[in-house]
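Undergrad: Following this message is one structure expressed as structure tokens.
The values are calculated or read from the model by the stated rules, or taken from the named source; none is laboratory data. Values in this document were obtained by computation on a predicted structure and should not be read as measured data. FYI the Cβ positions are ideal-geometry reconstructions off the backbone, even for glycines, and counts take in every protein chain you see. Surface accessibility is based on the protein's heavy atoms, side chains included, excluding ligands, DNA and RNA. Shrake-Rupley method; radii C 1.70, N 1.55, O 1.52, S 1.80 Å.
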Amino acid sequence: MMEQVLTIVVPCYNEEEVLPVTIVQLQQLLNELINERLVSKQSKILFVDDGSQDRTWELIYKEGLRNEYVRGLKLSRNVGHQNALLAGLFTAMELSDCVVSIDADLQDDIKVIREFVLKFYDGNEIVYGVRKGRDTDTLFKRSTAQGFYKIMEKMGVDLVYNHADFRLMSKRAVQELERFSEVNLFLRGIVPLIGFRSDVVYYDRLERHAGETKYPLKKMLAFAFDGITSFSVSPIRFVLIIGLVSFFLSLFFGVYFLTLKFFGNTETGWTSLITSIWLIGGLQLIAIGLIGEYVGKIYKESKQRPKYIVDIDSFNLPKPRHHLLNQTVEDELYNLDLRQISETNN
Ligand code: UDP
Ligand code: MG
């Protein structure tokens with residue numbers, strides 16, 4: 001079989017601290033794979049800069065100038081991990097047979113990529129990387145993440161347990177993914193819906209190599225909430241059931257209070273009245289809030305906004321001639337108005 005073209009997609013948001021190490025390690029791995037004739041020489045590493053405020057793009061861009069295996073994609077602003085990943089997958093798809101997605105922080109064991117590729121040659125269209133344990137995560141991260149999977153399962157969302165976005169997808173699988181045109185895209189829930197033959201590779205999760213997590217609690221909660229509400233209607237069904245229950249309860253109590261009144265025992269009015277006002281009011285607010293959540297989602301979907309916008313693709317930039325490739329020229333090139341260059345190239 002001919003060697004297949006692999007692209008490793010790496011979303012990066014403010015990763016200047018870890019990126020130099022990541023580039024070297026991924027490059028080494030790719031060299032090995034190419035030398036073993038596992039993947040084609042056309043294989044690439046695609047770094048997606050998700051609107052970083054630090055030197056992330058500069059690092060990617062410069063590496064792309066001197067390294068034919070590195071391609072950089074600069075998004076016009078920060079669109080979040082999932083959308084940055086999509087930008088990378090859809091861009092990489094055109095020139096590859098299979099695509100591996102991995103975080104920039106080297107928490108996922110890159111050696112596993114070799115096994116991904118082997119499983120791909122075995123005929124799998126999707127290969128999931130699954131963490132064996134979470135020993136390196138803090139207790140807090142571990143328990144919140146586990147709670148997340150549990151809740152998602154209860155809500156009926158089909159997830160691969162302990163699988164983050166470290167996976168291989170064939171070109172065909174990514175093409176099918178592109179047909180999911182929804183804006184609230186929760187990849188971990190969508191990818192299993194694609195189907196096809198798939199397999200799992202287990203690995204140990206390492207510690208973040210450098211820098212800090214870009215997923216503080218607030219973002220994690222938002223992520224979990226998004227995941228649930230874009231995949232499941234059970235919260236809204238839950239509200240309906242509570243509504244029904246409280247309705248029948250109030251009928252029951254209505255009858256009860258009426259009997260009390262007729263038998264002359266009406267002193268107890270105020271407390272129960274005020275309590276039920278608060279109770280019903282609260283229930284109504286919850287219900288309205290939840291409905292609003294779904295209406296908001298419909299609102300977003302109906303606009304069909306693009307999920308990301310590419311600012312610069314390093315493949316479209318003019319390559320400086322080799323003998324000119326020294327620090328000063330690079331810096332000059334970098335300082336040019338890159339937008340103009342990419343426009344003239346499109
Ligand atoms: N990331 C991104 N855009 C964002 C936030 C994060 O592209 O808005 C990238 C980040 O650079 C990293 C990956 O998504 O490569 C996962 O982020 P992180 O490692 O901080 O998350 P954690 O592993 O702590 O859940
Ligand atoms: Mg991480």
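Undergrad: Name every residue in the stretch 223-235 that is open to solvent by 60 Å² or more (accessible area, probe 1.4 Å) and modelled with pLDDT of 75 or more, in order of residue number.
TA: F225, D226 - these are the residues of the stretch 223-235 that are open to solvent by 60 Å² or more (accessible area, probe 1.4 Å) and modelled with pLDDT of 75 or more.
Undergrad: If the Cβ limit is 6 Å and pairs must be 6+ apart or interchain, which residue in the stretch 89-106 that is over 13 Å from F47 (Cα atoms) pairs with which residue that is within 16 Å of ligand 2 (Cβ to nearest atom) and open to solvent by 20 Å² or more (accessible area, probe 1.4 Å)?
TA: Taking only residues 6 or more apart or on different chains, the pairs are L106/H209.
Undergrad: Let me ask you something else. Condition first: closer than 25 Å to G80 by Cβ and either part of a helix (DSSP H, G or I) or more than 15 Å from ligand 1 (Cβ to nearest atom) (or both). Can you find one or more residues in the stretch 235-249 that meet it?
TA: yes
Undergrad: Same structure, new question: Return the residues of the stretch 79-91 that are touching a helix residue (DSSP H, G or I) at 6+ places or on another chain (Cβ under 8 Å) and either in a loop (DSSP other than H, G, I, E, B) or away from ligand 2 (no atom under 16 Å from the Cβ) (or both); say none if nothing qualifies.
TA: Passing the criteria: V79, L86, L89, F90.
Undergrad: Hey, could you check the stretch 194-205 for residues that are within 16 Å of ligand 2 (Cβ to nearest atom) and surrounded by 14 or more Cβ atoms within 10 Å (Cβ to Cβ) and say which is nearest to the chain's Cα centre (by Cα)?
TA: Result: R205.
Undergrad: What about K44, is it among the basic types (K, R), surrounded by 18 or more Cβ atoms within 10 Å (Cβ to Cβ) and farther than 23 Å from D97 by Cβ?
TA: No; evaluated as a whole, the condition is false for this residue.
Undergrad: Sticking with this structure for a sec: Contact list please: Cβ distance under 6 Å, first residue in the stretch 62-75 and assigned by TED's automatic domain parsing to the domain that holds I23 and small (G, A, S), second residue assigned to a strand (DSSP E or B) and open to solvent by less than 30 Å² (accessible area, probe 1.4 Å), pairs at least six apart or on different chains.
TA: Listed by first residue and then by second, the contacts come to G64/V70; G64/G72; G72/F47.
Undergrad: Further question on the same structure: Which condition does T56 not pass, out of (1) more than 13 Å from ligand 1 (Cβ to nearest atom); (2) more than 17 Å from the chain's Cα centre (by Cα); (3) hydroxyl-bearing (S, T, Y), if it passes all the others?
TA: Of everything listed in (1) more than 13 Å from ligand 1 (Cβ to nearest atom); (2) more than 17 Å from the chain's Cα centre (by Cα); (3) hydroxyl-bearing (S, T, Y), T56 misses just condition (1).
Undergrad: Right, next: Under 9 Å by Cβ, and 6 or more places apart or on different chains, what pairs join a residue from the stretch 204-226 that is assigned by TED's automatic domain parsing to the domain that holds T56 and more than 12 Å from ligand 1 (Cβ to nearest atom) with one that is in a loop (DSSP other than H, G, I, E, B) and among the hydroxyl-bearing types (S, T, Y)?
TA: From residues that are assigned by TED's automatic domain parsing to the domain that holds T56 and more than 12 Å from ligand 1 (Cβ to nearest atom), the pairs are D204/T136.
Undergrad: Restricting the search to the stretch 84-106, which residues are under 16 Å from D311 (Cβ atoms) and either in contact with a Pro (Cβ under 7 Å, 6 or more places away or on another chain) or buried (at least 21 other Cβ atoms within 10 Å of the Cβ) (or both)?
TA: Residues of the stretch 84-106 under 16 Å from D311 (Cβ atoms): 84, 86-88, 90-91.
Listed by number, the residues that qualify are A84, L86, A87, G88, T91.
Undergrad: Now, a different point. Can you name the residue in the stretch 261-276 that is open to solvent by less than 100 Å² (accessible area, probe 1.4 Å) and in a helix (DSSP H, G or I) and, of all such residues, is modelled with the highest pLDDT?
TA: For the stretch 261-276, the residue satisfying everything is S276.
Undergrad: While we're on this one: Within the stretch 99-130, track down each residue that is within 21 Å of C12 (Cβ to Cβ) and part of a strand (DSSP E or B).
TA: Once the filter is applied, which keeps residues that are within 21 Å of C12 (Cβ to Cβ) and part of a strand (DSSP E or B), the stretch 99-130 yields V99, V100, S101, G129.
Undergrad: I'd like to know if the stretch 17-28 contains one or more residues that are of a type in the set (A, V, I, L, M, F, W, C), in a helix (DSSP H, G or I), open to solvent by 10 Å² or more (accessible area, probe 1.4 Å) and within 16 Å of ligand 2 (Cβ to nearest atom).
TA: Checked against the condition, which is being of a type in the set (A, V, I, L, M, F, W, C), in a helix (DSSP H, G or I), open to solvent by 10 Å² or more (accessible area, probe 1.4 Å) and within 16 Å of ligand 2 (Cβ to nearest atom), the stretch 17-28 yields at least one hit.
Undergrad: Only one of (1) closer than 18 Å to G88 by Cβ; (2) not in a helix (DSSP H, G or I) is not met by Y61, so which one is it?
TA: (2)
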